[in-house]
Amino acid sequence: GSALEQHMAAMFPEEPAQAVILDEIGNAWVAGLARQLHHNVRLGAEQAGLSASPGFRPGIGHWPVELQAEIVQRLDVQPLSITLTEGFMLEPRKTVTLIVGLGRRMGRSGYAPP
């Protein structure tokens, strides 16, 4: 989160390579958490007799990054100290949103017609 970003910014002038490596470790950690969360959602859906769609993230693929504004409006992110920039990016930068559809008949794209 923000502590990691502050640490990277402080070390960048003296040790830029180490700061970049730390940043990439943070990126890998957040991506791994998102994968684990999606896996847990899928397992929970299966236990409930449902299916889960692939995970969709605003700004990746056909989902516009502007969707972040809709997500932030609908969720209570203030206790997490998450904010939205004018460019629709989340702060702290090591923050990720993941949208997963749940239903009885989900296909690979997230929807299977009747």
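Of note:
- The set of residues in region 51-63 being open to solvent by less than 80 Å² (accessible area, probe 1.4 Å) and not in a strand (DSSP E or B) consists of Ser53, Pro54, Gly55, Pro58, Gly59, Gly61.
- Residues being open to solvent by less than 50 Å² (accessible area, probe 1.4 Å), in contact (Cβ under 8 Å) with a residue 24 or more places away in the chain and out of contact with any Lys or Arg (no Cβ under 7 Å at 6 or more places or on another chain) - total across region 16-50: 5
- Any pair with Cβ under 7 angstrom, 6 or more apart, that starts in region 86-99 at a residue that is over 14 Å from Gln73 (Cα atoms) and ends at one that is open to solvent by 60 Å² or more (accessible area, probe 1.4 Å): Glu91/Thr83; Pro92/Ser2; Val96/Arg57; Leu98/Leu37; Leu98/Arg57
The values are calculated or read from the model by the stated rules, or taken from the named source; none is laboratory data. Only a predicted model underlies this, so the values are computations on that prediction, with no experimental measurement involved. Please note: Cβ atoms are built from the backbone with ideal geometry, for glycine as well, and neighbour counts cover all protein chains shown. Remember, those area values only see protein heavy atoms, side chains included, never the ligands or the DNA or RNA. Shrake-Rupley method; radii C 1.70, N 1.55, O 1.52, S 1.80 Å.
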